[in-house]
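Report on the following structure.
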Amino acid sequence: MKGSKGALIALSSIPLIMTLGNSMLLPILPQISKELRISAFQVSMIITVYGLIAILMIPIAGYLSDRFGRKIVILPSLLLAALGGAGCVAAAWFFKGITAYWIILAGRLVQGIGAAGAFPIVLPFVGDLFKDEKEVSKGLGLIETSNTFGKVLSPILGAYLGTLLWYAPFIAIPVLCLISFLLVIFLVKQPKTGEQAVKTSLKQFLTGIREILHERGRWLYAIFAIGGICMFATFGVLFYLSEILESKYNLHGAYKGFVLAVPLALLCLASYGSGKIIGKNKLLMKWLGFGGMALLTASTLVTGFNENIYFMVGFLSVSGIGIGVVLPCMDALITEGIEKENRGTITSLYSSMRFIGVALGPPVVSLLVNRGHWTLFGTMAGVGAVGGLLSFFAVTPSKEDSEGEGQPERSQYKRKKANPLRQRAR
């Protein structure tokens, strides 16, 4: 596709802006709690409801993008996310207390629907832009770096905006979504007729997906779970630090934002480096993924032994490095291992699992934090260990995959003529 570099820049704006639209709220959650007079669990639902609706809508968006095209799904989704953000602003402007809270939740619900049709579709879109798997890996690394850079910027920007007006981060959401909307319109060209997704009936489509999951379920389910675990740890840690920095250490505004940005900055750098070096070597992706999960597990386990803020931020930053190494590897494995006509739906299932992690992180931490420091981080370490075991035993590329020839099941699947998706394509 001509202009793929410009298209990649435009697509990179989507995870950046979607991440800002969600993570900017993390540093001001205690402030929202005070303004609306709601509990820590209730305020955590502002993050959770966004993720829960996205979990349900992402597979639908993936199917629509495979059937009708990526851009056709992304553009209205960005407008829907902007509309949801505007609803949150209206709630904060015109209402107070619990009434404002419920309207904000409704706005976040709409924003989550929009996010479901935007960021998850970016991953298969990058796979469509480039034919060379090495270029795909680099592109996915840039997308993941954009995503993590949004996480780095969000606590600083969100905390700063919160000092101006407690709901100022909500105001930023529609503006950012419209910027991304314009970038996609002008820089991302609609695929030509020959590059369009194969049109299939829903029954044929579901049959093809079921066959993929049956034949490759072992490594696909493992990658789904690893993505969810990484997001659970990321958002759980951010929620915990946001609460404790304000309640225990009296850090507010930009100072608090900069502290939250430290582990995220290292996550961003690790994500960029991982995306650059993996190329199309799937064995390297597996072992980097395992190493990153091991680093996450060890660092959260050690964090449980000491409540000193410098100690915690230091070791949680190490966990950020681990997550940053893992994510581009999982993105590349799942994107490059699936054929184009099914790529949108399979990667959307993966994105749904990541959103499950986003949705579960804050409320689970809000419940565990009262049970003790060790219980909280011991649980996180246990979850990380599960991800490490999955990456070690279930993600098993063959020797040929070190040369970039695809997932072990891929060649067998391509030869299978019973797949109605393949028959229709012919």
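Could you calculate the contour length gain from ILE60 to PHE311, that is, 0.36 nm times the residue separation minus the distance between their Cα atoms, to one decimal place in nm? If you can, show how the numbers build up before the last one.
Numbers: separation 251, 0.36 × 251 = 90.36 nm, distance 4.31 nm.
Residue separation times 0.36 nm, minus the Cα-Cα distance, leaves 86.1 nm.
Where does each of 113-122, 278-287 land if you order them by average Cβ count within 10 Å, highest first? Intermediate values should be presented prior to the final figure.
Values: 113-122: 29.1, 278-287: 20.9.
Packing proxy ranking, top to bottom: 113-122, 278-287.
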query: Taking all protein chains as present, what is the carbon and sulfur share of the accessible area of segment 1-123, in % to the nearest whole number, probe 1.4 Å?
result: 75 percent
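Please list 240-247, 358-365 highest first by mean number of surrounding beta-carbon atoms within 10 Å per residue. Mind showing how you got there, number by number?
Details: 240-247: 20.8, 358-365: 23.1.
My ranking of the peptides, most packed first, is 358-365, 240-247.
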message: Whole-Hz ³J(HN,Hα) for each residue in segment 19-35, computed from phi via Karplus 6.51 cos²θ - 1.76 cosθ + 1.60 with θ = phi - 60°, x for glycine and proline: what do you get?
response: 5, 4, x, 9, 6, 4, 7, 4, x, 9, 4, x, 5, 4, 4, 5, 5
Solvent-accessible area per residue for segment 1-113 (1.4 angstrom probe, square angstrom): 38 Å²
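How much mean residue ellipticity at 222 nm does the chain get from its helices, if each DSSP H run of length 4 or more adds -39500 (n - 2.57) and you divide by all residues, to the nearest 500 deg cm²/dmol? Could the numbers behind the result be given before it?
Numbers: 16 runs with 349 residues, N = 426.
My calculation for the chain gives -28500 deg cm²/dmol from helical runs alone.
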statement: Descending accessible area (1.4 Å probe), largest on the left, turns HIS214, HIS373, HIS252 into HIS214, HIS252, HIS373
- line: The local net charge around GLU144, scoring Lys/Arg +1 and Asp/Glu -1 for residues other than GLU144 whose Cβ lies under 13 Å from its Cβ, equals +3
query: What's the carbon and sulfur percent of segment 354-400's accessible surface, probe 1.4 angstrom, rounded to a whole number?
result: 71 percent
- prompt: If you project the alpha carbons of the chain onto their three principal axes, what span does each projection cover, largest first, in Å?
  reply: 63, 46, 35
- request: Report the label-to-label distance for TYR221 and TRP374 in nanometres (one decimal), using points 7 Å from each Cα along the Cα→Cβ vector.
  value: 3.4 nm
- prompt: To the nearest 0.05, how large is the calculated FRET efficiency for PHE393 and ILE179 if R₀ is 41 Å and r is the Cβ-Cβ distance?
  reply: 0.40
query: If you put +1 on each Lys and Arg Cβ and -1 on each Asp and Glu Cβ, how big is the dipole of the chain around its Cα centre, in Debye rounded to 20?
result: 1140 debye
query: Taking springs between alpha-carbon atoms closer than 10 angstrom, which of PHE393, PHE290, PHE94 fluctuates most in the Gaussian network model of the chain?
result: PHE94
statement: Ranked output for segments 128-135, 152-159 by mean other Cβ atoms within 10 Å, highest leading, reads 152-159, 128-135
task: Could you look at segment 225-328 and say what percent of its accessible area is carbon and sulfur, using a 1.4 Å probe and all protein chains?
output: 74 percent
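Rounded to the nearest 20 debye, what is the charge dipole size of segment 7-136 about its Cα centre when +1 sits on each Lys and Arg Cβ and -1 on each Asp and Glu Cβ?
On the way: 9 positive and 6 negative charges, 78 e Å.
In total the dipole reaches around 380 debye.
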The chain: angle of helix 70-94 to the longest principal axis, Cα-based, in degrees nearest 10: 10 degrees
query: What accessible area per residue comes out for segment 262-354, rounded to a whole number of Å², with a 1.4 Å probe?
result: 30 Å²
- request: Report ³J(HN,Hα) in whole Hz for each residue of segment 4-18, in order, from the Karplus equation J = 6.51 cos²θ - 1.76 cosθ + 1.60 where θ = phi - 60°; Gly and Pro get x.
  value: 5, 5, x, 5, 5, 4, 4, 5, 5, 5, 5, x, 4, 6, 5
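Of the cross-linked pairs LYS5/LYS189; LYS71/LYS280; LYS131/LYS276; LYS280/LYS340; LYS71/LYS340; LYS189/LYS340, which ones have a Cα-Cα span greater than 22 Å in the structure shown?
Values: LYS5/LYS189 11 Å; LYS71/LYS280 26 Å; LYS131/LYS276 17 Å; LYS280/LYS340 17 Å; LYS71/LYS340 15 Å; LYS189/LYS340 17 Å.
From the list (LYS5/LYS189; LYS71/LYS280; LYS131/LYS276; LYS280/LYS340; LYS71/LYS340; LYS189/LYS340), the Cα-Cα distance tops 22 Å for LYS71/LYS280.
Normalised radius of gyration for segment 234-342, please: alpha carbon Rg relative to 2.2 N^0.38 Å, two decimal places. Write down the numbers at each step before the final one.
Values: Rg = 16.1 Å, N = 109, 2.2 N^0.38 = 13.1 Å.
Against the compact-globule rule of thumb, the ratio is 1.23.
The values are calculated or read from the model by the stated rules, or taken from the named source; none is laboratory data. From a predicted model like this one, the values you see are computed outputs, not experimental measurements. All Cβ positions, glycine included, derive from the backbone under ideal geometry; neighbour counts span all protein chains shown. Remember, those area values only see protein heavy atoms, side chains included, never the ligands or the DNA or RNA. Shrake-Rupley method; radii C 1.70, N 1.55, O 1.52, S 1.80 Å.
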